[in-house]
1. May I ask you to list the residues in the stretch 35-64 that are touching a residue at least 12 places away in the same chain (Cβ under 8 Å), of a type in the set (S, T, N, Q) and not in a helix (DSSP H, G or I)?
2. Which number in (1) modelled with pLDDT under 90; (2) surrounded by 12 or more Cβ atoms within 10 Å (Cβ to Cβ) marks the one condition that K82 misses?
3. Find all pairs meeting these conditions: Cβ atoms under 7 angstrom apart; at least six residues apart or on different chains; first residue within the stretch 7-34 and touching a residue at least 12 places away in the same chain (Cβ under 8 Å); second residue of a type in the set (D, E, K, R) and assigned to a helix (DSSP H, G or I).
Amino acid sequence: MQDTTINEFVNRSEAFSIATLIYARLRRVTGRVIDVTYLMQNQDYAKHVINLALSANDSELQRQAERLSSLMVCDLEPDQMKMKEEIAEIYESEVTEEEIYRAQVSHHYIGALR
C-alpha cells in the first residue's frame, strides 16, 4: 500500500525555500498562515496551498506557486521527472578535493602572478 502523505519534490531545498516565500507572501497579502513543514510532507496539503496561492490574485504568489508545482514529482511526466532527477544528482554530488583545490587556486591572485 502506497503512503499518500509522502510528498516528493525534485529538489527539496528549493521547494522548502519557495514554500517559505509563499508563507510570508500569503500571510502579508491574505492574512492566511500555512505550515511549511507539513507542506513538505503531505502532497494533498501542498496542492491545497498551491491552489490557495493561485487564487489570491497576487502576481508574486502565483509565480511562486507555479514554481513550487513545477517541482512536485507527481505532476511531472516520466521524461521530465528523469531529466530533473539527473540535474538534481549533478548539483547534489559530493565535491572532490581536486575541485576544492581548483576553486581556491583562482583566488590566489598575488601568488599566481609570481
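1. N42
2. Status for K82: all satisfied but (2).
3. Qualifying pairs under 7 Å: V10/K84; V10/E85; I18/R67; R25/E60.
The values are calculated or read from the model by the stated rules, or taken from the named source; none is laboratory data. The structure presented is a predicted model; accordingly, all values stated were derived computationally and were not measured. Note: ideal-geometry Cβ built from the backbone for every residue, glycine included; neighbour counts use all protein chains shown.
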